[in-house]
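To start, I am sharing the structure in question, which I have written as structure tokens.
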Amino acid sequence: MKIIYNMKTKLSAFILLFLISVVSVNAQLDRSKQPKSGPEPSISLEVPSEFELKNGLKVLVVENHKLPRVTYSLNIDNNPVATGSKAGIESLIGSMLGNGTTTISKDTFNEEIDFLGASLNLGISGGFARTLSKYSERILELMADAAINPLLTEEEFEKEKTKLIEGLKTEEKSIDAISSRVGAALLYGAKHPYGEFVTEETINNVTFGDALAYYEKHFNPNNAYLVIIGDVNYKDVKKQVKKYFGDWEKSVDVTNTVPAVSPNAQYTQINFVDLPNASQSSIAIKNTVDLKMNDEDYHASIIANSILGGGGEGYLFKNLREDKGYTYGAYSSLRANRYGAGSFNATAKVRNMVTDSAVVEAMKEINRIKTESVDPQMLKDTKAKYVGNFIMGLEDPQTVARYALNIKLNNLPEDFYTTYLQKINAVSAEDVMRVANKYIKPENARIVIIGKGSDVIENLEKTGIPIKYYDKFANATEKPVFSKPIPAGVTAETVVSKYVAAIGGEANLKKVNSLLMNANVVIPGAPYKPTAIMKQMVPNKSSMELNIEGMGTVMKQSFNGETGYQEGQGQKAPMDDKTLASKKAEKGLFSELYFEASALALESVATIEGADVYKIKVTKGDTFEYRYYSVDSSLLVRTEETAEAGGQTVTTITDFKDYKDVNGVMMPYSFKVATGPQVFEFNITDIKVNEGVTAADFN
């Protein structure tokens, strides 16, 4: 009791003393006067100690003994080079680096780094390592060994080749991947190092010998920099670098001239790529700029871009998201480049129905920063936020290493970063408008849009901006035919009737009382391969469960005709009223048998993956979906349904393929479900009709 009493007394005394101090301070404050600003923050970056090895490797060392850690940043500073018909060779060889050496196996190499609590990564343009100072020499030794004597085997090469091709296939319908590829190719030119792109064909052109030759020529010390920052002694680390990197041999001269970028567009134009399965549009407004870090405009360009689209306070974000609600975010970048290949880029992903409006509003904000003086308070706030982020970034040794290297690579004055914040704070409203007019060129901009042409082109044409059409690989094309004339005598009812006949006929379909389907599931990018069990029973019972080996059932949904539930991650919840109503409205196992003529509308003849399809709108009470039937085979090839989820419009597209006969009924053995960016591919392994399913399965 005595101990408790004493502790309470001490705490009470401490609190009382604190309150007296606060009252005393408050009594001395004159709250009628605005507090004076503190001193302007200053940047003090230590000047690196430098030395150079005989092989050309330049080393910059910054001693910092505040924490017992060291970082190594290796930069191979060769000029960018186009690889043409073998595009992707640098990715292939780069992915093989840092995974063992000629004397240390891949597993042993990675295990030692993990054991030391370090990290080490290498790629074709250099690498980075981080470690505690007591292990710094060993990590430096491993980094040098992996760079100079990498473990490069044909077996590993073929694995990386397969992975890269699989990655390309995953991105085939990715709106982001297509936008990046087409935008760069049109902006710089498809033969420019910044504009060329990788395809399955160019990857298959690369042999193991090609990859080895590329490594030998381009991964070299000729133009390399090693920046070392942390708890090291200059003399000691100099000896270590000479010991471990001294035998790194120069390669042949790799000097090459970086080609000029393609000219900007002669006039504002939309460069459109039709992606029929896109549920939203990707918009990128871009032009090239000749801006370098050592230009006097550099600091003003940073603030100008921050005001336009640097974040949530920018013009683009406030208009397109906060005011209009078109998108989750709208941003811009204005990038300097020492080869004269800088760029301006304003981007957003928006709903199909507002694509044209988003373009108009984005162009309005771009023109605003060129013609309207920025509000003084916004200018002040923008600079303050940038300064704060800049100072916080100095806590990261990798940032400090980049700054030290920037001075060397960009021919910057030694005091570039020590005077950096003064130059940022000196940017005026006039400077913002001046650089915006100099580098942001809406009159010569390419507005690269990837989207569903049948939904957006008509309204885009009304903007008055000329439209040029391209395919997914930046090749110019004619305007796609988004819909074709409906043949005489074809109606929604005849299309549905032909479908019913094509999959087995009404009599056979009505004999099916239950279905049991097992499937392998592919989720692109996921490390696991789930399996699915799907069950259906007349009139409208259904269930699906997703299983992962070693984890059991990870997701389940079940509906027994009256009630239903969803289960995932150990949580079970009843279906909401809207989902229940939708489930109860379903009839039979083949919904086409029960469609009412008044609910059907044949909208057009469209095209999916080069094949003609009938597009039918099916109204279901307050909602509707689109169903696409092949003109040639009469089979259902796609459904498309839009719903509200979490305040956002979400479109689910399901593609059906590989129909096979099961007890006289044609069933799709492959279907892909895409909901926004999430994709599930179901590959059916077996289907059982009228066996293996009971009513109890849905309870």
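Bear in mind these aren't lab numbers, they're just calculated from the coordinates by the rules spelled out. Just so you know, these numbers come straight off a predicted model, no measurement behind them. Every residue, glycine as well, gets a Cβ built from its backbone with ideal geometry; the counts of neighbours run over all protein chains shown.
Quick check for me: using +1 on Lys/Arg Cβ and -1 on Asp/Glu Cβ, what's the dipole size of the chain about its Cα centre, in debye to the nearest 20? Working shown, then result.
Values: 78 positive and 87 negative charges, 335 e Å.
So the dipole magnitude of the chain works out to roughly 1600 debye.
Within a 10 angstrom radius of the beta carbon, how do Lys385, Lys529 rank from fewest other beta carbons to most?
Lys529, Lys385
Here's another thing I want to ask about it. Can you give the FRET efficiency to the nearest 0.05 for Asp236 and Lys423, using r as the Cβ-Cβ distance and R₀ = 25 Å?
Details: r = 37 Å, r/R0 = 1.47.
The calculated FRET efficiency here is 0.10.
At R0 = 35 Å, how high is the FRET efficiency between Ser357 and Val522 if r is their beta carbon distance? Nearest 0.05 is fine.
Working: r = 37 Å, r/R0 = 1.05.
Between Ser357 and Val522 the formula returns 0.45.
Can you give the FRET efficiency to the nearest 0.05 for Thr207 and Thr371, using r as the Cβ-Cβ distance and R₀ = 51 Å? Each step should come with its number before you reach the end.
Numbers: r = 55 Å, r/R0 = 1.08.
My answer for the efficiency is 0.40.
Among Leu509, Ala474, Ala532, whose Cα projects farthest towards the positive end of the dipole of region 438-558, with charges put on the beta-carbon of Lys, Arg (+1) and Asp, Glu (-1)?
Ala474
Follow-up. Can you list the GluC sites (Glu not before Pro) in region 196-254 that are in a DSSP coil and have 12 or fewer other beta carbons within 10 angstrom? Kindly include the intermediate steps, with their values, before the conclusion.
On the way: sites: Glu196, Glu200, Glu201, Glu216, Glu249; in loops: Glu196, Glu249.
Hits after loop and neighbour filter: Glu249.
Which order results if Val693, Val61 are arranged by neighbouring Cβ count within 10 Å, fewest first? Please list the in-between numbers first.
Numbers: Val693 19, Val61 22.
By the 10 Å Cβ count, ascending: Val693, Val61.
Using a simple charge model, +1 on the beta-carbon of Lys and Arg, -1 on the beta-carbon of Asp and Glu, nothing else, what dipole does region 492-698 show about its Cα centre, in debye to the nearest 20? Intermediate values should be presented prior to the final figure.
Details: 21 positive and 27 negative charges, 63 e Å.
Dipole magnitude for region 492-698 comes out near 300 debye.
So what is the 222 nm mean residue ellipticity for the chain from helices alone, if each DSSP H run of at least 4 adds -39500 (n - 2.57) and you divide by all residues, rounding to the nearest 500 deg cm²/dmol? Numbers along the way, then the final one.
On the way: 19 runs with 228 residues, N = 699.
About -10000 deg cm²/dmol.
What's the longest piece of the chain with no exposed chymotrypsin sites (Phe, Trp or Tyr not before Pro), counting a site as exposed if DSSP puts it in a loop and it has at most 11 other beta carbons within 10 Å?
Working: sites that count: Tyr267, Tyr528.
Counting only loop sites that pass the neighbour cut-off, the longest clear stretch is 1-266.
Can you give the translational diffusion coefficient of region 492-698 in µm²/s, computed by Stokes-Einstein from the Kirkwood radius over Cα pairs at 20 °C and 1.002 mPa s? List each step's numbers first, then the result.
On the way: Rh = 18.2 Å.
Answer from the Stokes-Einstein relation: 118 µm²/s.
Go through (i) 27.2, 93; (ii) 31.4, 100; (iii) 34.6, 123 and flag the label whose value is the computed Rg and Dmax of the Cα atoms in Å for this structure.
Working out Rg and Dmax of the Cα atoms in Å from the coordinates points to (ii).
Follow-up. Compute the separation of the alpha-carbon centres of region 584-613 and region 93-165 and state it in Å as a whole number.
That distance is 55 Å.
In the neighborhood of Ser174, defined by Cβ-to-Cβ distances under 13 Å, what is the net charge if each Lys or Arg adds +1 and each Asp or Glu adds -1?
Numbers: positive: Lys169, Lys173, Arg181, Lys349, Lys472; negative: Glu171, Glu172, Asp176.
Around Ser174, the charge tally is +2.
Moving on. Once label points are set 7 Å from the Cα along Cα→Cβ at both Lys688 and Lys572, what is their separation, rounded to one decimal in nm?
2.3
Local charge sum around Glu603 (other residues, Cβ-Cβ under 9 Å, Lys/Arg +1, Asp/Glu -1)? Write down the numbers at each step before the final one.
Numbers: positive: Lys615, Lys617; negative: none.
Local net charge: +2.
Please give the helix 429-439 orientation as an angle from the longest Cα principal axis of the chain, in degrees from 0 to 90, rounded to the nearest 10.
The angle comes out near 60 degrees.
Specify which residue in the list Leu635, Leu120, His218 is farthest towards the positive end of the charge dipole of the chain, using unit charges on the beta carbon of Lys, Arg (+1) and Asp, Glu (-1), about the Cα centre.
Highest projection toward the positive end goes to Leu120.
Amide H of Ser604 versus every other amide H placed in the peptide plane: which residues, excluding those fewer than 5 positions away on the same chain, fall under 5 Å?
Lys615
Gain in length, Lys134 to Asn663, computed as 0.36 nm per residue apart minus the alpha-carbon separation, to one decimal in nm?
Taking 0.36 nm per residue and subtracting the Cα distance, the gain is 183.4 nm.
How high is the relative contact order of region 49-245, in percent, with contacts defined as C-alpha pairs under 8 Å that are six or more residues apart?
Working: 325 pairs, mean separation 82.1, N = 197.
About 42 percent, as a whole number.
How high is the relative contact order of the chain, given as a whole-number percent (alpha carbon pairs under 8 Å, six or more residues apart)?
Numbers: 1265 pairs, mean separation 83.3, N = 699.
Answer for the chain is 12 percent.
Continuing with this model, one more query. Round to the nearest 10 and give me the degree value, 0 to 90, for the angle of helix 136-148's Cα axis relative to the longest principal axis of the chain.
Around 60 degrees separate the two axes.
Rounded to the nearest Å, what's the spacing between the alpha carbon centres of region 175-235 and region 417-490? Just the number, please.
27
Further question on the same structure: Taking neighbour counts of Cβ atoms within 10 Å as a proxy for exposure, in what order, fewest first, do Arg321, Arg335 appear?
Working: Arg321 17, Arg335 14.
Lowest to highest Cβ neighbour count: Arg335, Arg321.
Under a 5 Å amide H to amide H cut-off, with H placed in plane at 1.01 Å, what residues pair with Ile503 once short-range neighbours are removed?
none
Let me ask another. Any idea how far apart Thr675 and Glu155 come out in nm if each label point goes 7 Å out from Cα toward Cβ?
4.2
Defining a contact as two alpha carbons under 8 Å apart and six or more residues distant in sequence, what relative contact order in percent does region 289-426 show?
Numbers: 151 pairs, mean separation 33.8, N = 138.
Contact order relative to length: 25 percent.
Measuring from label point to label point, each 7 Å out along Cα→Cβ, what is the Thr553 to Thr102 span in nm?
With each label point 7 Å from Cα toward Cβ, the separation is 5.7 nm.
Tell me, in nm to one decimal, what length is gained between Glu395 and Asn699 on full extension, where the rule is 0.36 nm per residue of separation less the Cα-Cα distance? Present the calculation step by step, with values, prior to reporting the outcome.
Details: separation 304, 0.36 × 304 = 109.44 nm, distance 5.68 nm.
Result for the pair: 103.8 nm of gain on full extension.
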